[in-house]
Amino acid sequence: MSHPVRAARRYVQRDHASIVSGIDACADAVAEPWDTARTTDADAVADGLHRALEETGILESLPGVLAGAVDATGHELQARPVAGPPYVVVTSRGPVLRATIDPGRLVIRFDAFEVVRDSEPGHPPAYRRRDGVELAVSLE
């Protein structure tokens, strides 16, 4: 793990545990009405999570999390991040934060859902709620 990745991960874990908990609660709210443990409707997962994050104010705080993580790496952002692409994207797995810094693209993923692929050809992937939120930080 590179220094920027380690620094960004530590920053998010130390200074934004409440954001991670909030994402977890929003993902629970999205999955709660499902009649099974999974769904094949990726748009419903992503749209539902986006809506829940927006309603709780978490979506608006994610650019600040990204800016702080970049500061923690010792690098600078080329532009001020916003709560939308390319900096903040809500996917069917969870929110993704992205910033270009000198050594490459810093990517912070909050995985609240996992993709379950069926071994049968032609079956769509399913989305299952993870037990919590997995924080993944990488430099690409």
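The values are calculated or read from the model by the stated rules, or taken from the named source; none is laboratory data. Remember, predicted model here, so these are calculated numbers, not experimental data. Cβ sites come from the backbone with ideal geometry, for glycine too, and all protein chains shown count toward neighbours. Heads up: the accessible areas ignore ligands, DNA and RNA and are worked out on the full protein's heavy atoms, side chains in. Shrake-Rupley method; radii C 1.70, N 1.55, O 1.52, S 1.80 Å.
A viscosity of 0.692 mPa s and a temperature of 37 °C, combined with the Kirkwood radius over C-alpha pairs in the Stokes-Einstein formula, give region 1-73 a diffusion coefficient of 242 µm²/s.
Debye-formula intensities of the chain, expressed as log10 I(q)/I(0) at q = 0.15, 0.19, 0.20, 0.21 Å⁻¹, are -0.72, -1.04, -1.12, -1.20 (one equal scatterer per alpha-carbon, no solvent). Using the 1.4 Å probe convention, the accessible area of region 1-117 works out to 51 Å² per residue with neighbouring protein chains retained.
Only the Cβ atoms of Lys and Arg (+1) and of Asp and Glu (-1) were treated as charged; on that basis the dipole of the chain about its Cα centre amounts to roughly 520 debye. A simple rule links phi to the HN-Hα coupling: the Karplus curve 6.51 cos²θ - 1.76 cosθ + 1.60 with θ = phi - 60°, which for region 14-30 gives 7, 9, 9, 4, 5, 5, 4, 5, x, 4, 4, 5, 5, 5, 4, 5, 5 Hz, with x for Gly and Pro.
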